[in-house]
Amino acid sequence: MHIKMILPALTEARSPFWRPIKYSLFPPLGLATLAAYCSPEDRIELQDEHVEEINREDEPDLVVIQVYITNAYRAYDLADHYRAKGAYVCLGGLHVSSLPGEAMAHADSIFIGPGEDIFPLFLKDLRTGCAKQVYRNVERNIGAIPPIRRDLIKRQLYLVPNSIVVSRGCPHHCDFCYKDAFYEGGNSFYTQRVDAALAEIDRLPGRHLYFLDDHLLGHQRFATGLFEGMKGMNRVFQGASTIDAILRGDLIERAAEAGMRSVFVGFETLSHGNLIQSNKRQNIGKDYEQAIRRLHDLGIMINGSFVFGLDDDGPDVFERTVEWAVKNSLTTCTFHILTPYPGTRLYRDMEAQGRILHRQWDRYDTRQVVYKTVGLSEEQLKKGYDRAYRSFYSWSNILRASFGHDQVKQVIKHFAYAGGWKKFEPLWNFMIKTQGLNKMLPLLESILSGVKRTDRPRPGGTSLSPFPAIA
Ligand code: B12
């Protein structure tokens with residue numbers, strides 16, 4: 001069978017060459033995970049529209065499309081195009097799971113929830129001529145998933161081809177997060193087996209790894225085993241964690257020993273009222289600055305994530321948040337405008353209050369205001385969000401934040417990261433799009449890691465990912 005797997009980009013149809021660099025960071029692991037269930041005889045093609053033009057002139061038998069809220073219209077357009085050509089079309093992913101009815105009109109089969117159990121079932125049904133229109137995930141278990149088909153990923157098109165996910169979901173239940181809507185009705189946090197995760201890491205070339213898990217430190221026993229197993233693998237990595245897990249026990253020390261050099265932390269808001277409004281209980285009463293000191297003492301850089309637009313936010317929230325982030329020497333920040341995703345408790349509450357402005361899904365990209373605000377006007381929120389980015393990444397604030405560190409090494413690393421990355425994004429963008437960067441990778445990797453890897457050489461050369469998280 002000729003199978004085509006597509007990750008459509010956001011609907012703004014800019015050519016991949018001009019798309020902001022953050023879209024060239026990570027390859028589509030979800031589709032590569034599903035591809036592992038296809039048979040060796042199948043001819044599989046994986047196309048990611050964030051980094052390459054989609055060839056629509058081909059004649060695949062089966063088309064598998066991953067649908068997010070922001071690429072839904074593009075996904076439906078591609079689905080209609082291929083169905084008109086007689087291909088069998090499958091739609092799945094976050095947006096299909098929250099609005100299956102909408103997707104049904106554009107697909108032969110839709111998939112609700114994680115795909116590890118339902119996709120292989122579908123393939124068997126398709127081969128025996130009894131494929132169903134709707135498949136709903138039942139089993140929440142990635143204990144025995146086959147190695148993902150990284151051979152289908154065009155590594156040279158990505159800045160961080162060494163991204164990896166070893167768990168699904170998160171143990172917490174924040175109202176605005178996609179998680180509870182996607183992992184509805186059943187276990188919403190589960191992990192791989194430690195040995196399988198270590199084997200996946202071992203298959204990755206180079207030194208740097210980028211964990212995309214929602215909460216890498218969320219499962220104490222799994223994380224302890226993972227970090228124990230990674231000791232001696234001479235890897236450096238980034239991952240995400242809650243403040244709660246950073247302050248609890250010695251897991252963060254173990255992560256540092258295993259190679260954690262940067263962490264994505266969901267601070268979200270400095271307001272107690274907002275934490276209660278968004279049911280972010282795991283942050284309530286936690287000493288944010290104690291967690292920051294602990295991370296910096298371990299030499300771990302911080303990418304702080306913040307949400308603007310919760311009801312307790314007033315016009316000064318932007319300046320106050322940026323000032324706090326600079327004063328605490330956060331290396332990078334990811335700001336979001338609160339976005340009520342369909343299927344979430346936040347969406348339900350806002351809909352009940354008549355606060356949803358429209359359902360133009362491609363504008364639900366966390367950079368635009370799509371609901372009636374309370375403490376701020378929509379314009380103040382949008383302008384404040386843009387201003388926060390400009391201010392946090394101003395040279396004066398990058399310098400102030402860098403010199404907030406105790407050790408010179410950290411000052412230099414902070415300045416190199418925040419200055420070198422954000423301020424020169426167009427350069428990195430040009431480099432990655434002209435493959436120039438890949439030629440520089442071995443040199444950059446040895447400079448940035450300062451340590452020449454001594455153990456087993458790996459196929460496919462290096463994989464640089466010292467760059468901060470997507471924003
Ligand atoms: C890496 C990443 C990106 C990368 C690459 C995307 C990719 N798919 O790999 C890039 C940089 C392109 C990206 C962009 C954006 N992202 Co992003 N991203 C992620 C991240 C961190 C990891 C994705 C991943 O690898 N997951 C792990 C794999 C194994 O799971 P999966 O991809 O979901 O696939 C599984 C299932 O969904 C399902 N499945 C998926 N598709 C299909 C299809 C079929 C047929 C079937 C059967 C099953 C199936 O089966 C797969 C295996 O279980 C997620 C966080 C997360 N937890 O998902 C955010 C996340 C998906 N991103 C998000 C957002 C908001 C964005 C942007 C809008 C940001 C912006 N403003 O630009 C854009 C939108 C891009 C677009 N095209 O619309 C939100 C989405 C929220 C929502 N409700 O839609 C998330 C959830 C972050 C968050 N916590 O809020 N992102």
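The values are calculated or read from the model by the stated rules, or taken from the named source; none is laboratory data. Quick caveat: nothing in here was measured; it's all calculated off a predicted structure. Positions of Cβ are backbone-derived with ideal geometry, glycine not excepted, and every protein chain shown enters the neighbour counts. Heavy atoms of the whole protein, side chains included, go into the accessibility calculation; ligands, DNA and RNA do not. Shrake-Rupley method; radii C 1.70, N 1.55, O 1.52, S 1.80 Å.
Its Cα centre serving as origin, the chain has a Cβ charge dipole (Lys and Arg +1, Asp and Glu -1) of approximately 1100 debye. Segment GLU351..ARG320, full-extension length gain: 8.2 nm, with 0.36 nm per residue of separation and the alpha-carbon distance subtracted.
Using a Förster radius of 22 Å, what is the FRET efficiency between SER394 and ARG293 based on their Cβ-Cβ separation? Nearest 0.05, please. Approximately 0.35, to the nearest 0.05. FRET efficiency for the pair ILE284 and ASN141, taken as 1/(1 + (r/R0)^6) with r the Cβ-Cβ distance and R0 = 35 Å, rounds to 0.65.
Calculate the dipole size of the range 2-136 relative to its Cα centre from +1 charges on Lys and Arg beta carbons and -1 charges on Asp and Glu beta carbons; express the result in debye to the nearest 20. Please report the intermediate quantities before stating the final value.
Working: 13 positive and 19 negative charges, 54 e Å.
For this selection, approximately 260 debye.
Could you sort out which of LYS85/LYS124; LYS154/LYS383; LYS124/LYS231; LYS4/LYS132; LYS22/LYS85; LYS154/LYS179 sit more than 31 Å apart by Cα distance in this structure? The pairs that break the limit, which is 31 Å between Cα atoms, are LYS154/LYS383; LYS124/LYS231; LYS22/LYS85. Using +1 at the Cβ of each Lys and Arg and -1 at the Cβ of each Asp and Glu in the chain, identify which of GLY354, HIS50, SER396 lies farthest towards the dipole's positive end. It is SER396.
Starting from the exponent 0.38 and prefactor 2.2 Å, build the expected Rg for the range 2-136 from its residue count and divide its actual Cα Rg by it.
Details: Rg = 14.0 Å, N = 135, 2.2 N^0.38 = 14.2 Å.
Normalised Rg, Cα atoms only: 0.99.
Among the trypsin sites (Lys or Arg not before Pro) in the range 53-112, those placed in a DSSP loop whose Cβ has at most 16 other Cβ atoms within 10 Å are ARG56, LYS85.
So what is the relative contact order for the chain, in percent, with contacts set as C-alpha pairs under 8 Å and at least six apart? Intermediate values should be presented prior to the final figure.
Numbers: 859 pairs, mean separation 66.0, N = 471.
About 14 percent, as a whole number.
Summarising the amide proton neighbourhood of PHE267: residues at separation of 5 or more, or on other chains, whose placed amide H is nearer than 5 Å comprise SER305. Here the Karplus relation 6.51 cos²θ - 1.76 cosθ + 1.60, evaluated at θ = phi - 60°, turns the backbone of the range 266-280 into coupling constants of x, 5, 6, 7, 9, 9, 4, x, 5, 5, 5, 4, 9, 6, 8 Hz, with x for every Gly and Pro.
Quick one: pull the percent of accessible area on the chain belonging to carbon and sulfur, 1.4 Å probe, ligands and nucleic acids left out. Kindly include the intermediate steps, with their values, before the conclusion.
Working: 10800 of 19060 Å².
Within the chain, the accessible surface is 57 percent carbon and sulfur.
The residues of the chain expose on average 40 square angstrom of accessible surface per residue, using a 1.4 Å probe on protein heavy atoms. Ranking GLN407, GLY30, GLN290 by Cα position along the charge dipole of the chain, where only Lys, Arg, Asp and Glu carry charges on their C-beta atoms, puts GLN407 farthest toward the positive end. Here's the list of aspartates and glutamates a cross-link from LYS372 could span, going by alpha-carbon distance under 15 Å and ignoring same-chain residues fewer than 8 apart: ASP311, ASP312, ASP313, ASP349, GLU351. Taking amide hydrogens as placed 1.01 Å from N in the peptide plane, the amide H of GLY169 sits under 5 Å from those of ASP214, each at least 5 positions away in sequence or on another chain. Close amide-amide hydrogen proximity is noted between ASN279 and ASP175, each under 5 Å apart and 5 or more residues distant or on a separate chain (H modeled in the peptide plane; Pro and chain starts excluded). Where in the range 212-232 does the amide nitrogen come within less than 16 Å of the point 7 Å from the Cα of ASP202, taken along Cα to Cβ? Output list for this probe position: 226-232.
Compared with the direct C-alpha span, the chain from VAL134 to HIS173 gains 11.4 nm at full extension, assuming 0.36 nm per residue. Counting only aspartates and glutamates at least 8 places from LYS327 when in the same chain, those with an alpha carbon closer than 19 Å to its own are GLU268, ASP287, GLU289, ASP297, ASP316, GLU319, ASP406. For the range 43-53, 3J(HN,Hα) computed residue by residue from phi via the Karplus equation (6.51, -1.76, 1.60; θ = phi - 60°) reads 9, 10, 10, 10, 10, 10, 5, 5, 10, 8, 6 Hz, glycine and proline entered as x. Once divided by 2.2 N^0.38 Å, the Cα radius of gyration of the chain becomes 0.96. Computed from backbone phi, the HN-Hα couplings of the range 170-177 come to 7, x, 9, 9, 6, 4, 8, 7 Hz, rounded to whole numbers (Karplus: 6.51 cos²θ - 1.76 cosθ + 1.60, θ = phi - 60°; Gly and Pro given as x).
With 0.36 nm allotted per residue and the present C-alpha distance subtracted, the VAL374-LEU29 stretch has 120.4 nm of extension available. Taking 19 Å as the cut-off, the amide N atoms of the range 128-166 that come nearer than this to a point 7 Å along the Cα-to-beta-carbon line of GLU45 belong to 149-157.
I need to check one value: relative contact order of the range 303-414, counting alpha carbon pairs closer than 8 Å and at least 6 residues apart, in percent.
34 percent
If only the Cβ of Lys and Arg carry +1 and only the Cβ of Asp and Glu carry -1, the dipole of the range 108-203 around its Cα centre is close to 320 debye. Distance between the modelled labels on LYS409 and LEU427, one decimal in nanometres: 2.5 nm (7 Å Cα→Cβ projection). Cysteines in the chain that lack a partner Cβ within the 4.7 Å cut-off: CYS38, CYS90, CYS130, CYS170, CYS333.
Can you give the net charge of the other residues whose Cβ lies under 12 Å from the Cβ of TRP421, counting K and R as +1 and D and E as -1? That sum, taken over residues with Cβ under 12 Å, equals +3.
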